[in-house]
Amino acid sequence: MNRRVNDNLTSVNGKIHCAHCDHVLAEAGEPALHRALTRRGDVAKAGPQVRAGVPAFIRAAVEFRQKLCPGCHTALLTEVAAVDDVATRETTLTTPSD
Amino acid sequence: MPVNPVPGSEKFSYRPRPAAEVRELASPHVKLHDVSTEAVTRLDPLTYEVVRHRLEAVTDEMGEAIVRMSGSIIVTDCNDFNFAILDEVGEAVQMGLYNTELAACSDMAVKWTLENRSANPGIRSGDMFLCNDPWVGGGLHQNDVSLFAPLFVGDEIFAWTAAVAHQVDVGGVSPGSWSVNSQDVFWESLPTPPLKIVEGGHLRSDIEDVWLRRCRIPALVALDLRAKIGANHMAQERLNELVQKYSADTVKAVMRRMIDDAEQRLRAKLSEIPDGEWTAVSYQDSARQGDDGLYRIRLRLQKQGDQMTFDFTGTDAQADGLINCTFAGIRGGIMPVLLTTLCGDLPWSPGGLYRCFDIISEPGTVNDCTYPAGVSKGSVASAWATTNAVTECLSGMLDAHAEYSRNAMSVCVGSWDLALLAGLDQRGGPFVNLVGDPMAGGLGARPDSDGVDTGGLAMIPMGRVPDVEMSEFSYPMLYLWRREEADSGGPGRYRGGLGGSSAFVVYDSPAPEVALVVSGGGKAMPQSSGMSGGYPANTQYDVAVRNSNIRELLSQGTVVTDIEQVQGVHEPMPPHLETKLGLDDVYFLAWQGGGGYGDPLHRAPDAVAADVLAEKVTSAAARDVYGVVLHGDKTVDHDATVEQRRAIRRDRAAEAQQPEGAR
Ligand SMILES: [Zn+2]
């Protein structure tokens, strides 16, 4: 049975699928975006509202980061994070879907 | 900053104990009212609902009482205060709709007082205790001053009432008590553990003098103290009337059932939601003036059955600045989100809600700091950042449930943009003004709707933005504008609510300059994160334009609508700074909106066009972020939009990399 995870993700028998193109983004037990593509780049990619770095008030390097569906390139997670922080935001459902 | 446990300070590092333990510790010294389980079971539904709603109404009435008595705009216009009614052992039964972050820890202060003041100096009828010690509870930083009072029925403590409000100044190095150079608590206002300031119905003048002597504006703080005394008196009169009408046992039975009902109904909701884990990180840039560090709060929310665990393991060590918060800040960071996202239809009885989750935190970290770490910004720094992480995780959890997902929300206005002015006002007297405009923060987008533009703060359901006219009347300020800022809401399928901006000049002060304290994070990276692919909202941006031509522009009749119109030296403000504003300077502050929800490429093109027409989104953002191309008349060019969205997807794909181990 299908179960909603969020706007973009559906859980089907424990596997996480893209709700838009059905691409499998995680096998059972993996974090929901385990098999998503990662796009990284300058914070300006977050849009004109983000001025980070002008001027630079902090020492740490920060970057724009996006997790994308390999099938349809829908943005599944969009963030500005410290370059050194590998794991920032994850979802793992442990209730098996019915 | 290393953790240096200070011998003698352990007494104040409080973790609230269960009700039974508090009862056991206090009962040799004070009599505590109690009711049997049978009395709670016997309660008829009609009486329960009537008394329950009466208790809720009492906290509303306390709000009206304090607003009428206080003379401070942060209280009278911004509603930055709150109330709680607690049972005899300090379990919170009812919380007001005002600043839920503040009242979330009233239980800690009352329990600490029962444990530490019952024997000496004793707790008697007519007593009231003042507290602004964040390690004890009752507030999250020294400006949150709580005043709480036992309500006696006969010779037994029947309940407690508590009022807490932000006081504009309680001393310390910097005006307004936001000590931006703070390296530890000794740079800040003195935290005051529970102090019997009202004894047997009389305000003790010796204690009041000690309290007020530290303040830059003692007359105003004295007035606010009386406002809180009045609010407690009002609540106690109403509770006495209830007890006389329904009996002490009945009212107490209602209190017990409210707490149990809140717990059971929250547990029932949690049981319906899939089990899982959600993680988030929230960032704060800079811990004090001159600091260029980045501080992280990490959260792993685990939901199993009807119980949650908020695990903050991995959060950064406490900083040698003013951004730390105590354990009260973690609780104050969690409760507002829980109340507004999961408990909209439940009794707001924190005593029951707290039973549904555990907190794991590490003493010595930015949101569970140990004495003597600096905490003067704790409420809007690490407690607020805790709220951001909790919002992400709880909303992620709700999003997995078909019905409850509509209560999920991206992060709302990621931090407070503090501008605090102090000096001589137009009447020649001293003033301190915490500019309350960022109360109009943007709310986060939701899975089915845009965030509310300038909708307020997540933690203050009854918050208000102060009237510009009142601010100009009260303080030596002249506003150039206060408005919503285009693009400040996080892009998404549903857009985050817009934040706003204000610009003002010092006007009619007899002094040549006023002091300005700036303290607001979110300048080096956005703090209102999006959800499900939604983008973060804006970074905060504050600028002082020094030695400007503003007076010349105004005398020419020029209406200034853009800070770039003003000539002078544009000085971007760092996250923390204590400086001055001269008579020819202009100050501009732009605070944060709410995070977006879903991929902006999925937003209906007509909705984007409507946003551009309403100046909520610029044409550039519409094209580059939403992939929507508009004709000259701001209607959608559908063919060009399809092609632009295709091009953005191609760019994304070109820049994307396969994950390690999943190829
Ligand atoms: Zn897809």
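The values are calculated or read from the model by the stated rules, or taken from the named source; none is laboratory data. Since we're looking at a predicted model, the values are computed, not measured. Please note: Cβ atoms are built from the backbone with ideal geometry, for glycine as well, and neighbour counts cover all protein chains shown. Note: accessible area is taken over every heavy atom of the protein model, side chains too, but ligands, DNA and RNA are not part of it. Shrake-Rupley method; radii C 1.70, N 1.55, O 1.52, S 1.80 Å.
Tabulated values for the structure
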| quantity | calculated |
| --- | --- |
| Span from the segment A:1-60 Cα centroid across to the segment B:525-591 one, whole angstrom | 33 Å |
| Computed lengthening from B:ARG464 to B:ARG226, 0.36 nm per intervening residue step minus Cα-Cα distance | 83.4 nm |
| Degrees between helix B:106-117 axis and first principal axis of chain B (Cα, 0 to 90, nearest 10) | 40 degrees |
| Solvent-accessible heavy-atom area per residue, rounded to whole Å², over segment B:15-124 at 1.4 Å | 37 Å² |
| Residue of A:THR88, A:THR38, A:THR74 that the Gaussian network model of chain A assigns the largest fluctuation, springs spanning Cα pairs under 10 Å | A:THR88 |
| All aspartates and glutamates inside 16 Å of B:LYS11 as judged from Cα atoms, apart from same-chain residues fewer than 8 positions distant | B:GLU115, B:ASP133, B:ASP368 |
| Given 11 as the ceiling on other Cβ atoms within 10 Å, longest exposed-site-free region of chain B for GluC sites (Glu not before Pro) in DSSP loops | B:1-402 |
| Overall form of segment B:175-312 per C-alpha gyration tensor (a/c, 1.5; a/b vs b/c) | oblate |
| Heavy-atom accessible surface that A and B bury in contact, both chains counted, 1.4 Å, Å² to 100 | 4500 Å² |
| Near-label residues of segment A:55-73 by backbone N, under 11 Å of a point 7 Å along Cα→Cβ of A:HIS23 | A:67-73 |
| Nearest 10 degrees, 0 to 90: helix B:248-272 Cα axis against chain B principal axis | 40 degrees |
| Whole-Å distance, taken between Cα centres, linking segment B:295-322 and segment B:385-402 | 13 Å |
| Carbon + sulfur, % of accessible area of the protein assembly as shown - ligands and nucleic acids excluded, 1.4 Å | 50 percent |
| 11 Å beta-carbon shell around B:ASP320, net charge (K/R +1, D/E -1) | -1 |
| Residues of segment B:522-542 buried by at least 30 Å² on assembly (accessible area, 1.4 Å probe, chain alone as reference) | B:LYS523, B:ALA524, B:MET525, B:PRO526, B:SER532, B:GLY533, B:TYR535, B:PRO536, B:THR539, B:TYR541 |
| Expected 222 nm ellipticity per residue - DSSP helices of 4 or more, -39500 (n - 2.57), all of chain B, to 500 | -9500 deg cm²/dmol |
| Candidate lysines for bridging to B:LYS580, where Cα separation is under 27 Å - those fewer than 8 sequence places away on the same chain excluded | B:LYS377, B:LYS523 |
| Å² per residue, accessible surface of segment B:409-601 at 1.4 Å | 29 Å² |
| Label-point separation, A:ALA87 to B:ALA511 (7 Å along Cα→Cβ), nm | 5.2 nm |
| Crossing angle, helix B:638-655 versus chain B [Cα axis fit, 0-90 degrees, rounded to tens] | 70 degrees |
| Positions from segment A:49-70 whose accessible area shrinks by 50 Å² or more when the full protein complex is built, not the chain alone, probe 1.4 Å | A:GLN49, A:ARG51, A:PHE57, A:ILE58, A:ARG59 |
| Shape call, the protein assembly as shown: gyration tensor on alpha carbons, a/c limit 1.5 | oblate |
| Nearest-0.05 FRET efficiency for B:ASN120 and B:GLU38, computed from C-beta distance (R0 51 Å) | 0.90 |
| Candidate residues B:TYR507, B:TYR479: accessible-area rank, largest first, probe 1.4 Å | B:TYR507, B:TYR479 |
| Members of A:LYS15/B:LYS303; B:LYS196/B:LYS303; A:LYS15/B:LYS616 lying beyond 30 Å, as alpha-carbon distances in this model show | B:LYS196/B:LYS303; A:LYS15/B:LYS616 |
| Prolate/oblate/rounded label for chain B (Cα gyration tensor, a/c 1.5) | oblate |
| Euclidean distance of C-alpha centroids, segment B:116-185 and segment B:198-213, integer Å | 13 Å |
| Cα-projected label distance for B:ALA654 with B:LEU554, points at 7 Å along beta-carbon direction, nm | 5.0 nm |
